[in-house]
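Novice: Just dropping this structure here.
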Amino acid sequence: MDYELTETQLDIINLAGEIADKKIKPVRAKYDASEEFPWEIIEEMRKADLFGVYLPEEYGGLGGANLELILMSERLSQACAGIGLSALTSSLCAIPILLFGNPDQRKRYLPDLASGKKLGSFCITEPASGSDATSMGATATLEGDHYVLNGVKNFCSGGKTSETYVVFFSTNPSKGPRGISAFIIEKGTPGFSFGKKEEKMGIRCNPTYELVFENCQIPKENLLYKEGRGLHVAQGTFDLSRPGVAAQALGIAQGALNETIEYTRQRKQFGVPVSSFQAMQHMLADCATQIEASRALLYSVAKAMDKDVIPATQKAIKEGILVYDAMKKLGAKRWTKESAMVKVFCSDTAMKVTTDCVQMCGGIGYMRDFPVEKFMRDAKITQIYEGTNQVQRNEIGMMLIKEAASAARREAVAA
Ligand SMILES: Cc1cc2nc3c(=O)[nH]c(=O)nc-3n(C[C@H](O)[C@H](O)[C@H](O)COP(=O)(O)OP(=O)(O)OC[C@H]3O[C@@H](n4cnc5c(N)ncnc54)[C@H](O)[C@@H]3O)c2cc1C
């Protein structure tokens, strides 16, 4: 399919593809087994300037937006979603700073995230507060010119490999959801340490850590956006970042299908390649159709989003205002429904396709020395993180009902 990508966008695919095929494929099984972080590949990604493809040129990025992030994430994940995740994890730190950071915060943090000199993470989850972020227990108390942070966050992707973190705390527990605030925190700040490292099913080379805050003091300038508006920061970020997870899922599905087509053409049973059986061809056909449908939905949503994000970003930089405020001024739409749709659709596709690919490869598909089982393990997380698919479906349902209610109100006024 021709998605009418620009030359720069095609270059991103090619650059990410070179790294995926030549550098990542030969080492993905090693890093999956050892659970070590692939610093050698991070260096290749830095050299290729991949970390900043979605960030404005003013901060050292390539000047792209969502579509560029998606193209990179999809292509890297075709080789290994765990290794590709390092760029996505950093984007989950850069996006809230881009959207909600003031000009000083953008200038201070985005260039190092854009170059990949520093990696970033985002942490809202706590042991007792997952899908229900409003129940968080970690607190930030303003004392003079600094906040004092206390509490434990868990399941932080990137873990110790990051240098910059966007973390959520309650600044006013009595206000519940309206008491949550977002902060930028740097590694090495006294009182900020790392707890348990998780052992995982998939994306094993990307470390997942507990973050511990014990009377950790940060300057009050590190507040991101406004006190009590942390959930706006989180939702605004997820609206733009969930397509990145969808792209990861899409890459996983495509990677598994490519390996499966190759294998089933070679593998002979009953004297013929197993790909010549119609039952196999129907499974291949369904996988390919689901993948292309996912890609068409994802790219069209990303392109539509970028029509809002790019002009708002330019306006914000020119006028020294927040990108989030510029989006509101320009009448940008909220992308909550569509970003949830692409995440659900692409991640469910990835799970279905990778499971079918293991089936089509037979016994070898189940073995560690063949790559398809890893794609199936990696696919699962895309249905869970950045909000489970159940929670995404809740959001889509809620938005549909809200839209219907607003349409009914408009009709009533017009009548
Ligand atoms: C490998 C990994 C990496 C992660 N990385 C990060 C990270 O970098 N930063 C970060 O902040 N978090 C991260 N997470 C956390 C992740 O976003 C949460 O695990 C996820 O949001 C679900 O929360 P939970 O695990 O507490 O599940 P729970 O909220 O306990 O949910 C359990 C089950 O109940 C269902 N459920 C819950 N509420 C509802 C509802 N209202 N309606 C229907 N069903 C519901 C869920 O869908 C799920 O099936 C990561 C998680 C993993 C596993």
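Novice: Can you confirm whether region 240-259 contains a residue that is touching a residue at least 60 places away in the same chain (Cβ under 8 Å), within 29 Å of Ala114 (Cβ to Cβ) and basic (Lys, Arg)?
Specialist: The answer is yes; a qualifying residue exists.
Novice: Now for a separate question. Which of the following residues is within 13 Å of the ligand (Cβ to nearest atom), over 20 Å from Asn222 (Cβ atoms) and either in the same structural domain as Glu198 (by TED's automatic domain parsing) or not basic (Lys, Arg) (or both): Ser121, Ser162, Ser131?
Specialist: None of the others qualify; the one that does is Ser131.
Novice: Which residues, counting only those in region 219-257, are closer than 26 Å to Thr141 by Cα, of a type in the set (A, V, I, L, M, F, W, C) and open to solvent by less than 10 Å² (accessible area, probe 1.4 Å)?
Specialist: Leu224, Val233, Ala234
Novice: Can you confirm whether Val301 is out of contact with any Leu (no Cβ under 6 Å at 6 or more places or on another chain) and in the same structural domain as Val245 (by TED's automatic domain parsing)?
Specialist: Yes; evaluated as a whole, the condition is true for this residue.
Novice: If I filter region 125-140 down to residues being in contact with a Leu (Cβ under 9 Å, 6 or more places away or on another chain) and farther than 16 Å from Phe192 by Cβ, which single residue comes out as least open to solvent (accessible area, probe 1.4 Å)?
Specialist: Filtering first and then ranking leaves Ala133.
Novice: From Thr289, Thr260, which residue is assigned to a helix (DSSP H, G or I), among the β-branched types (Val, Ile, Thr), open to solvent by 70 Å² or more (accessible area, probe 1.4 Å) and closer than 21 Å to Phe375 by Cβ?
Specialist: The conditions single out Thr289.
Novice: What is the one condition in (1) open to solvent by less than 10 Å² (accessible area, probe 1.4 Å); (2) within 10 Å of the ligand (Cβ to nearest atom); (3) over 28 Å from Asp325 (Cα atoms) that Phe213 does not satisfy?
Specialist: Among (1) open to solvent by less than 10 Å² (accessible area, probe 1.4 Å); (2) within 10 Å of the ligand (Cβ to nearest atom); (3) over 28 Å from Asp325 (Cα atoms), Phe213 violates only (2).
Novice: Contact list please: Cβ distance under 7 Å, first residue in region 178-189 and surrounded by fewer than 20 Cβ atoms within 10 Å (Cβ to Cβ), second residue assigned to a loop (DSSP other than H, G, I, E, B), pairs at least six apart or on different chains.
Specialist: Cβ pairs passing all conditions: Arg178/Gly228; Glu186/Glu163; Lys187/Ser162; Lys187/Glu163.
Novice: Just one of the numbered conditions (1) surrounded by fewer than 17 Cβ atoms within 10 Å (Cβ to Cβ); (2) under 21 Å from the mean Cα position of the chain (by Cα); (3) assigned to a loop (DSSP other than H, G, I, E, B); (4) within 15 Å of the ligand (Cβ to nearest atom) is not true of Cys205; which one?
Specialist: Cys205 satisfies every listed condition except (1).
Novice: Okay, next question. Restricting the first residue to region 386-410 and requiring it to be under 18 Å from Ala234 (Cα atoms), which pairs with a second residue that is away from the ligand (no atom under 16 Å from the Cβ) and modelled with pLDDT under 95 meet a Cβ separation below 9 Å and a spacing of at least six or different chains?
Specialist: Sorted first by the residue in region 386-410, then by its partner, the pairs are Met399/Arg334.
Novice: May I pose another question? Are any residues in region 387-405 β-branched (Val, Ile, Thr) and open to solvent by 60 Å² or more (accessible area, probe 1.4 Å), and if so, which ones?
Specialist: Passing the criteria: only Ile401.
Novice: Could I ask something else about it? Going by the conditions given, is Tyr31 touching a helix residue (DSSP H, G or I) at 6+ places or on another chain (Cβ under 9 Å), hydroxyl-bearing (Ser, Thr, Tyr) and more than 16 Å from the ligand (Cβ to nearest atom)?
Specialist: Judged against the criteria, Tyr31 is not a match.
Novice: What number goes with the only condition from (1) more than 16 Å from the ligand (Cβ to nearest atom); (2) of a type in the set (Ser, Thr, Tyr); (3) in contact with a strand residue (DSSP E or B) (Cβ under 6 Å, 6 or more places away or on another chain) that Tyr59 does not pass?
Specialist: Condition (3) is where Tyr59 drops out.
Novice: Considering every residue within region 141-155, establish whether at least one is modelled with pLDDT of 95 or more, within 11 Å of the ligand (Cβ to nearest atom), closer than 19 Å to Lys200 by Cα and surrounded by fewer than 18 Cβ atoms within 10 Å (Cβ to Cβ).
Specialist: The answer is no, given that none of the residues of region 141-155 is modelled with pLDDT of 95 or more, within 11 Å of the ligand (Cβ to nearest atom), closer than 19 Å to Lys200 by Cα and surrounded by fewer than 18 Cβ atoms within 10 Å (Cβ to Cβ).
Novice: Which of the residues that make up region 325-343 are within 15 Å of Asn66 (Cα to Cα) and out of contact with any Asp or Glu (no Cβ under 9 Å at 6 or more places or on another chain)?
Specialist: Correct list: Val342 only.
Novice: On the given criteria, is Pro96 over 29 Å from Lys380 (Cα atoms), part of a helix (DSSP H, G or I) and in contact with a Gly (Cβ under 9 Å, 6 or more places away or on another chain)?
Specialist: So Pro96 does not fit the description; no.
Novice: Give me the residue from region 364-409 that is under 17 Å from Ala247 (Cβ atoms) and in a helix (DSSP H, G or I) and, out of that set, nearest to the ligand (Cβ to nearest atom).
Specialist: Only one residue tops the list, namely Ile381.
Novice: Looking only at residues in region 328-386 that are open to solvent by 60 Å² or more (accessible area, probe 1.4 Å) and touching a Ser or Thr at 6+ places or on another chain (Cβ under 8 Å), which one is farthest from Gln290 (Cα to Cα)?
Specialist: Across region 328-386, the extreme among qualifying residues is Met376.
The values are calculated or read from the model by the stated rules, or taken from the named source; none is laboratory data. Since we're looking at a predicted model, the values are computed, not measured. Every residue, glycine as well, gets a Cβ built from its backbone with ideal geometry; the counts of neighbours run over all protein chains shown. Side chains included, ligands, DNA and RNA excluded: accessible areas come from the protein's heavy atoms. Shrake-Rupley method; radii C 1.70, N 1.55, O 1.52, S 1.80 Å.
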